[in-house]
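Read the structure below first, then the notes.
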Amino acid sequence: MKKRIAAIERNTRETQIRMDFGLDGNGETARISTGIPFFDHMLSLFAVHGFFDLVVEAKGDLEIDSHHTVEDLGLVLGDAIRTALGDRKGVRRYGHAVTPMDEALGTVTLDLSNRPFLVFNVPPSLVQSGNSLTCLAKEFFRAVSTRGGISLHINVAYGENEHHIIESIFKSMGRALNEASGLDSRISDVRSFKGTL
Ligand SMILES: [Mn+2]
């Protein structure tokens, strides 16, 4: 079987990003450097809990703010997921994970349908400031969903600490994507009545 890996490079006037991604890895995160320590932390958790191999090197216009870098990281991760999935033959397609992080509980339910859609339900208190980590996370996941061809439903049942809430989402994202992208020998083609994803 073809190796389910991707090497993506994206250069714009705002950001320069290189990513190596492997779906069938072991959670190896030798180098993750985005210039934003919090997102290094989140991407590491995503890879560790999804058993993905991930290398990220990003330089962005952080002198403005984190927005361009985080959104473009989402675009590149979406491209990497789509490339590594290839024709999506043999994959389970659906994944679901609920992960507690102290007081927070974040759920990710996804479908590798090639039909991008993002549902992002978090406690309303988190979305008040336009530059909060939560708003950045939403932009990130919208980009992942769009470019990855993923119907992505993120639901946070409860939580107070923003760091914990976002951490529970990233861990759930890794676990749900690991489940959905996993191969099932009973699926000979794509798991779709239509015959295509
Ligand atoms: Mn943490």
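The values are calculated or read from the model by the stated rules, or taken from the named source; none is laboratory data. Here the structure is a predicted model, which is why all the values come from computation and not from measurement. Ideal geometry is used to build each Cβ from the backbone, glycine not excepted, and the neighbour counts take in all protein chains shown. Surface areas here come from the heavy atoms of the whole protein model, side chains and all, with no ligands, DNA or RNA. Shrake-Rupley method; radii C 1.70, N 1.55, O 1.52, S 1.80 Å.
Considered as a group, the residues in the stretch 159-173 that are open to solvent by 30 Å² or more (accessible area, probe 1.4 Å) and outside any helix (DSSP H, G or I) include one that is farthest from the ligand (Cβ to nearest atom), and that residue is Glu160.
Entry remark, the stretch 138-195: residues being among the small types (Gly, Ala, Ser), within 26 Å of Arg4 (Cβ to Cβ) and touching a helix residue (DSSP H, G or I) at 6+ places or on another chain (Cβ under 6 Å) number 4 in total.
Looking across the stretch 111-124, just one residue is assigned to a strand (DSSP E or B) and touching an Asp or Glu at 6+ places or on another chain (Cβ under 9 Å), and that is Phe117. Taking the conditions exactly as written (open to solvent by less than 10 Å² (accessible area, probe 1.4 Å) and more than 16 Å from the ligand (Cβ to nearest atom)), does Ala137 satisfy them or not? For Ala137, the condition - open to solvent by less than 10 Å² (accessible area, probe 1.4 Å) and more than 16 Å from the ligand (Cβ to nearest atom) - is not met. For the stretch 128-141, the condition of being of a type in the set (Lys, Arg) and farther than 19 Å from Asp40 by Cα holds for none of the residues. Residue check: Leu177 meets all listed conditions (1) away from the ligand (no atom under 16 Å from the Cβ); (2) open to solvent by 20 Å² or more (accessible area, probe 1.4 Å) but one, namely (2).
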